[in-house]
Amino acid sequence: MSDTHAETAFIRTEMLGPQLPPVTERGVVKWLRENLFAGWTNTALTLVALFVVFWLVQLALPWWLNGVWNATSLGECRTIAGPEGGACWAVIKARWHQYIFGFYPQDMYWRPIVAFGLMFVALAPVLYYGLRSGARLVGVVAVLTVVSLAALDHDIGHVVLAAVVMAGLFALAWVAPKRLVYVTLLYPFLAFWLLWGGSIWKPVATLAGFGVMVLVYRLIQPRLGVVMGTATGFITACLYWLFVQGSVTAALAGVPPELVPVNSDQFGGFLLAFVIGVTAISCSLPIGILLALGRRSDMLLIKTLSVGFIEFIRGVPLITMLFTASLLLQYFLPPRTNFDLILRVVILVTLFAAAYIAEVIRGGLAALPRGQYEAADALGLDYWQAQRLIIMPQALKISIPGIVSTFIGLFKDTTLVSFVGLLDPLRGVTQIVRADINWKGIYWEPYIFVGVIFFLICFGMSRYSMYLEQKLKTDHR
Amino acid sequence: MAMASEAPKDGFRLSMLIYDTRFRSFTIQVIVLLLVLMGIAWLVDNTVQNLAAKDKDINFGFLWNRAGYDIEQQLIPYTNDSTHGRAAIIGLLNTLVVAFWGCIFATVLGVFAGVLRLSKNWLVARLMTVYVEAFRNVPLLLWIIVVFVVTSETAPQPKDFKVTAEMVQTGAEPPAQKILFGTVAITNRGWNIPAPLVERPLGVVNVGSVPVNLTLLAVIAAIVGSVLVNRAILRRARRIQEETGDRPTTWWQSLLVLFAPTILLLLALGFHIEVPAFPTDETGVSKGFNFQGGILVMHSFSALLIALSLYTGAFIAEAVRGGVLAISRGQTEAAYALGLRPGRTMKLIILPQALRVIIPPLISQYLNLTKNTSLGIAVSYLDLRGTLGGITLNQTGRELECMLLMMLIYLTISLIISSLMNVFNSAVKLKER
């Protein structure tokens, strides 16, 4: 071989380097050719799309850029913006606190802010159980809470208190992330106390009811089993709430600490949307799971009741349920009971969402192979153990996208409460703003503001569900 | 297994009701039944007491009393002298008409957006993503209110469309123009759209108190008849193709059968389209105060319809996209291996399979749209909730009866839609062994 080499007049001793692809097959040109101008139809589509984009931009961009931030009325805005026109963001600047807090007393804004910050602390163990990301979330939330308090609240005491509490929680989240679950369990009562005010002993006495339930369960369960334990515990707790709690609360009425009470009709804006949305979301999931299990139960009566409930709720619009809450509940409850409208709405919205959640979870349960149920039976697990350890973890994982989209729908539906007289951010507050003589005739700006906030929240939720799906993916496809 | 399920011999003990799995479910059901019955009894007792305290009874007689309020949009005749029952029916029809057109528009929009979102064209796919995400993540109520407020508050008054004598002389245009080649005028009152009219109508027959338009019936009958005949022609063509291998040419027969009868009928009836316009004198100067002719569609209806279609369209687009993506790539590759072109692959291989995946979510979107028509309350659209659950309820003060009746009607509509679509679903779904 080497001889032939020597005799040949010319031969290359090393490989040529690869040549660049032709100009049309690389870089930007290739991308453009493949993605925008591949064939006649594609080019036409691109041109149409470009035209649409251009038209939208030239319509909206000058208006957007020419926005006025400092004015006291729409007329002043128009004078400042001049003949070419511009957005009047001054209305948001003037009324943002109503959009966020409704008519909540201004000097008590620290309470909803702290409650909102603590909500994320309570959510941390749910979102990132036992992970350092949870601690990072708590840290970010702590900083944001303290900063916004410092910006909004002139009482330095509140800021320091919040900073100390948040620092403590961050330390807890860093050292023992799993212990944060206790904050989650306590959060509903704490948030109730912070938002509505009054004596702290009222939520504490309610919380004691759960303590009674757990105590009775612990006593009964080893002797009579899970079902009897739960049932007895539940009944005892109900008896406690009905007959004992009132006198406990009354006895502790004047004992500090106490916050200035705030009435439900002062709630509004995104504060109201969050109160209703978060409560309904966290309560509807367990109820939905129970309904889904009931619908797949072997027991005819339980199955019939679940199917009837689910199909009834899914067959009527949410508005009719809300009107039921505001008009009909007074007929169904004992005479002279009159409880809070927000609470009534929350109950009905929860039941509504639970029916949809139940259907989503039923889909997840149906998607599980029969072998999983049989394997659980073969291991000798009883019904609840099988559900808790084998079935539910898988079924819930399959149903995550459906569950989250139900939650998103629920959060969007909180705007409907304006029809029963509550002050939701979209219609309630905007109506008040648009009725003001200074801002009469304004329409794009408030709706864009509310729409963008809703978009950020809902889009965030759907992105989180994608992250969760990815994280929990166990197959190797 | 046989050993385990054998009953113990030593008789029945009371504790077996809890511990023995054979009896436990029975025990639980009895307890639940008792609890449910107690709960119902409690509710009924409360209701009876409350009704007695307010000196009311449960009585649907108010449905036959005079309603006394006007409804702007009515598909069957109604005056404020009609009964509450008839007002409720008008409301129901208004609900159904929005739901019907909404489903059609949303489906067209959704399929269009869903397919375009899968397009290889980067820009178009991004645009459709923006559309879908913007509408899915913002409350429907916001879209309804925005469309309503923007169309009704920015649209010009009818008088702005008038041509004055001065304008005729100087050749100037009036301040507001009709859109879509001068056929549709958007004013602050509503949309003036062209009306289809016939010169020689077949008349109207009253069935009970509901008038039936014979002309419309005749046109519908002609269309349905020609579609049926066309299907018979295609069936025959397929039979011949299967027997002999040659497919007879059918396109001109189909065209003729599909269009000729309807066109002939319309010609015979003297069909024409009446464009809304101001009456003018001989020089071209407009007279009067408002548009003559055409149909006035109120903003409440159009805003509700537009917002519902756009919103539900975004969800349907996601369902369509999901359905197409659910078909495995192997199907496409197999079709290419058989030598099918991309267009035919889509039509013959992908879409028929994707349709099965798409239909169940589509059903639930149609149901959602129908239930969401009740948001018409935000723009004072008098649908079922606005008449029976709104004005009638407030006038008569019969909350219990009105709400129960309204829920029952919504429930019935939902059940009818879902059962119809389920029949369709079982017709197209994969026939397995």
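Just a few scattered comments:
- Here region A:24-64 is treated as a sphere whose radius is the Kirkwood value from Cα pairs; by Stokes-Einstein at 37 °C and 0.692 mPa s it diffuses with a coefficient of 286 µm²/s.
- On full extension, the segment bounded by A:Met461 and A:Ile437 gains 4.9 nm, given 0.36 nm per residue less the C-alpha separation.
- Total accessible surface hidden between B and A, rounded to 100 Å², 1.4 Å probe: 5100 Å²
- Computed log10 I(q)/I(0) for region A:253-344 at 0.15, 0.18 Å⁻¹: -0.86, -1.08, from the Debye equation with unit scatterers placed on every C-alpha and solvent omitted.
- Descending semi-axes in whole angstrom, ellipsoid equivalent of region A:384-472, from the Cα gyration tensor: 39, 15, 6
- Of the solvent-accessible surface of chain B, computed with a 1.4 Å probe over protein heavy atoms with every protein chain present, carbon and sulfur atoms account for 66 percent.
- Candidate cross-link partners of A:Lys93 among the lysines, defined by an alpha-carbon separation under 29 Å and a same-chain spacing of 8 or more, comprise A:Lys412, A:Lys440.
- Whole-Å distance, taken between Cα centres, linking region B:19-79 and region A:163-241: 35 Å
- Residues A:Phe10 and B:Val150, FRET efficiency given R0 of 60 Å [Cβ-Cβ distance, rounded to 0.05]: 0.15
- Region A:264-471, accessible surface, carbon-and-sulfur percent (1.4 angstrom probe): 65 percent
- Cysteines in chain A that lack a partner Cβ within the 4.7 Å cut-off: A:Cys238, A:Cys283, A:Cys458.
- Sites A:Arg218 and B:Phe100, calculated FRET efficiency, Cβ-Cβ separation with R0 60 Å, nearest 0.05: 0.55
- The Kirkwood radius of chain B, taken over pairs of alpha-carbon atoms, gives through the Stokes-Einstein law at 10 °C and 1.306 mPa s a diffusion coefficient of 57 µm² s⁻¹.
- Where labels lie 7 Å past Cα in the beta-carbon direction, separation of B:Leu75 and B:Leu180 in nm: 2.0 nm
- Neighbouring Cβ atoms from other chains, within 10 Å of the Cβ of residues in B:122-132, number 4 on average.
- Heavy-atom accessible area per residue - the protein assembly as shown, 1.4 Å, Å²: 55 Å²
- 1.4 Å probe, heavy atoms, protein only - residues of region B:385-412 losing at least 30 Å² accessible area vs chain alone: B:Arg385, B:Glu399, B:Leu400, B:Met403, B:Met407, B:Tyr410, B:Leu411
- Each of A:Leu161 and B:Asn422 was given a label point 7 Å from its Cα along the Cα-to-Cβ line. The distance between the two points is 5.6 nm.
- As a length-normalised measure over Cα pairs under 8 Å and 6 or more apart, the relative contact order of chain A settles at 14 percent.
- Two-site FRET efficiency, B:Leu325 against A:Ala378, from Cβ-Cβ distance with R₀ of 41 Å, rounded to 0.05: 0.65
- Potential lengthening between B:Lys120 and B:His272 on full extension [0.36 nm per residue; Cα-Cα distance subtracted]: 50.4 nm
- Peptide A:307-316 shows a mean partner chain C-beta count of 4 within 10 Å per residue C-beta.
- The GluC sites (Glu not before Pro) found in region B:340-433 that occupy coil by DSSP, while having at most 15 further C-beta atoms within 10 Å, are B:Glu432.
- Rg then Dmax, both in Å and based on the Cα atoms of region A:182-295: 16.8, 50.
- All-pairs Cα distance distribution in region B:275-378, expressed in whole percent, bin size 10 Å: 13, 25, 18, 17, 14, 10, 4, 0
- Peptides ranked, highest mean first, by Cβ atoms within 10 Å: ranges A:274-281, A:438-445: A:274-281, A:438-445
- Set of lysines with alpha-carbon distance to A:Lys397 below 20 Å, sequence-local pairs under 8 removed: A:Lys471, A:Lys473
- Once the Kirkwood radius over Cα pairs is known for the protein assembly as shown, the Stokes-Einstein relation at 4 °C and 1.567 mPa s delivers a diffusion coefficient of 39 µm²/s.
- Candidates B:Phe291, B:Phe259, B:Phe100: whichever shows maximal mean-square fluctuation once chain B is modelled as a Gaussian network with Cα springs under 10 Å: B:Phe259
- Per-peptide average of other Cβ atoms within 10 Å, ordering A:49-61, A:67-79, A:104-116 highest first: A:104-116, A:67-79, A:49-61
- Principal semi-axes of the equivalent ellipsoid, √(5λ) from the alpha carbon gyration tensor of region A:33-116, are 42, 22, 7 Å from largest down.
- Highest-fluctuation residue, B:Leu51, B:Leu355, B:Leu37 considered, GNM on chain B with Cα pairs under 10 Å: B:Leu37
- In region B:321-433, inverting the average of 1/r over every pair of distinct C-alpha atoms gives 17.4 Å as the Kirkwood radius.
- Scaled to the globular estimate 2.2 N^0.38 Å, the Cα spread of chain A, given as radius of gyration, is 1.30.
- Inter-label distance, A:Arg370 to B:Thr412: 4.1 nm, where each label sits 7 Å from its Cα along the C-beta direction.
- Scattering profile of region A:264-471 at q = 0.10, 0.15 Å⁻¹ [log10 I(q)/I(0), Debye over alpha-carbon scatterers]: -0.53, -1.01
The values are calculated or read from the model by the stated rules, or taken from the named source; none is laboratory data. Nothing here was measured: the structure is a model prediction, and the numbers come from that model. Glycine gets a Cβ as well: all are built from the backbone with ideal geometry, and neighbour counts include every protein chain shown. These area figures cover heavy atoms from the full protein model, side chains too; ligands, DNA and RNA do not enter into them. Shrake-Rupley method; radii C 1.70, N 1.55, O 1.52, S 1.80 Å.
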